[in-house]
Amino acid sequence: MVKENLVKIASTVPEPTRLIAVSKTKPVEMLQEAYDAGQRLFGENKALEMRDKHAVLPKDIQWHFIGHLQTNKVKYIAPFVTLIHSIDSLQLLEVVNKEALKNNRVIDCLLQFHIASEETKFGLDMSEADALLSSPEYKAMTNVRLCGVMGMATNTDDMAKVRSEFANLRKIFEDLRQRYFEGQEHFSEISMGMSHDYQIAIEEGATLVRVGSSIFGARNYNI
Ligand SMILES: *Cc1c(COP(=O)(O)O)cnc(C)c1O
C-alpha cells in the first residue's frame, strides 16, 4: 500500500519540486517499503525517533527535521540531519551551530514562518526574522547555512485562504532573498504543503512538499 500511494503521489510532484515522505509515528518497516520504492527524503518531527530510525535504515536517506525542535534535543540529530525546517529562534540556531561545529559539519536550515491564522503554530514573523538575520550572533555563525523558508497553512477547507498563505510565504522568501541573500544560490528552498494542500503549494512555488498521511495512512494521534 505504501508503495502504491508513494508512486501515485510522486507522479503528481513535478520537478524541480521534491517530495518529502513524512514518516513520523510510522514503523521502520513502512519507511523501508518507501525506500525500496525509490524514496530517499524522509521527514520526522521528533529528534529521538529520527535518531533511532536513522540508526537502522539505509545510510543514503536524507533526513528532514520538520517539527518544533527543543534546544536540548539538537545533539541527537546534528551528526546526520540533512535539513532542519523549523528554525524559529536565534537561540535554536545558535545551538544548531554549536552542535554542527562539534560534528565538524555545516547544517542546512530553513526559517519557519508563522503564516497561518491559528495561534498554535510555531514560527517567526518578519520583524523577528529581521532581528535574527541582523544580529551579530547570527553573522558570527560558521556552521549553519540558511537555505530558505518553511511554513504551515491554516488547517481549513478554505483553499483560497490556504493559497493566499502560501503566496505570502513565497513573498517572504523573495523579500529575504533580496535583502539578505543576494547572489547566494543556496537560499532557494520554500518548504510548504502537506497531504491535503500540497498541490496548491506547488502551484504557489513550493520546492519541497511534506506529505505524510497520503503515503503512510492516517496517524494514530494528531500531531
Ligand atoms: C505531520 C506533518 C506533515 C505531514 O502532514 P500530512 O497531513 O500527514 O501530510 C507536514 N509538515 C509538518 C510540519 C508536519 O508536522
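The values are calculated or read from the model by the stated rules, or taken from the named source; none is laboratory data. A quick note: this is a predicted structure, and the numbers were derived from the prediction, not measured. Backbone-built Cβ (ideal geometry, glycine too); neighbour counts: all protein chains shown. When the accessible area is computed, the model is the full protein with side chains, heavy atoms only, and any ligands, DNA or RNA have been set aside. Shrake-Rupley method; radii C 1.70, N 1.55, O 1.52, S 1.80 Å.
Counting only residues that are of a type in the set (Lys, Arg) and not in a loop (DSSP other than H, G, I, E, B), the range 1-41 holds 3 of them. Is it the case that THR154 is within 15 Å of the ligand (Cβ to nearest atom) and either open to solvent by less than 20 Å² (accessible area, probe 1.4 Å) or polar (S, T, N, Q) (or both)? Yes: the conditions hold for THR154.
What is the residue count in the range 89-113 for residues that are surrounded by fewer than 22 Cβ atoms within 10 Å (Cβ to Cβ) and within 16 Å of the ligand (Cβ to nearest atom)? The total comes to 1. In this structure, is PHE122 within 30 Å of ALA160 (Cα to Cα) and at pLDDT 95 or above? Here the answer is no, as PHE122 does not meet what is asked.
Scanning the range 164-217 for residues that are more than 16 Å from the ligand (Cβ to nearest atom), of a type in the set (A, V, I, L, M) and open to solvent by 10 Å² or more (accessible area, probe 1.4 Å) yields a total of 2. Search the range 123-151 for residues being assigned to a loop (DSSP other than H, G, I, E, B) and more than 16 Å from the ligand (Cβ to nearest atom), and hand back the single one that is most open to solvent (accessible area, probe 1.4 Å). Looking at residues that are assigned to a loop (DSSP other than H, G, I, E, B) and more than 16 Å from the ligand (Cβ to nearest atom), I get THR142. Taken over the range 1-57, the criterion of being among the small types (Gly, Ala, Ser) and either within 17 Å of MET194 (Cα to Cα) or surrounded by 13 or more Cβ atoms within 10 Å (Cβ to Cβ) (or both) is satisfied by ALA10, SER11, ALA21, SER23, ALA34, ALA37, GLY43, ALA47.
Taking the conditions exactly as written (in contact with a helix residue (DSSP H, G or I) (Cβ under 8 Å, 6 or more places away or on another chain) and either outside any helix (DSSP H, G or I) or at pLDDT below 95 (or both)), does PHE80 satisfy them or not? Criteria met by PHE80. Residues in the range 13-46 that are within 16 Å of the ligand (Cβ to nearest atom), farther than 21 Å from ALA218 by Cα and in contact with a helix residue (DSSP H, G or I) (Cβ under 9 Å, 6 or more places away or on another chain): 1 in all.
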